[in-house]
Amino acid sequence: MFWKILGVVALVWLALIVIGALVKALFPILMISAVIFGLYLLYKAMKGSDKSPASKL
């Protein structure tokens, strides 16, 4: 029983290490993508601000 519990703890520990490494590696890409998407939405909002909402129908 002890070895089963130790095995489960070791597997959970390994899974957390892998997930942590993936998050650490992908976080800068996620932040850059979020900034670019936000700038795109801002551009679209500013570009369409001279039109009235009725003209978009």
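Miscellaneous remarks
- In this structure, S33 qualifies as at pLDDT 95 or above, open to solvent by less than 100 Å² (accessible area, probe 1.4 Å) and among the polar types (S, T, N, Q).
- Sub-8 Å Cβ pairs linking a first residue in region 1-15 that is surrounded by fewer than 10 Cβ atoms within 10 Å (Cβ to Cβ) to a second residue that is modelled with pLDDT of 95 or more, at least 6 apart or interchain, number zero.
- Any hit, region 13-25, residues being of a type in the set (F, W, Y), assigned to a helix (DSSP H, G or I) and at pLDDT 95 or above: yes
The values are calculated or read from the model by the stated rules, or taken from the named source; none is laboratory data. What you see is a predicted model, and the numbers here were worked out from it, not measured in a lab. For neighbour counting, all protein chains shown are included, and Cβ atoms are generated from backbone atoms with ideal geometry for every residue, glycine included. The area values use the complete protein model at the heavy-atom level, side chains included, leaving out ligands, DNA and RNA. Shrake-Rupley method; radii C 1.70, N 1.55, O 1.52, S 1.80 Å.
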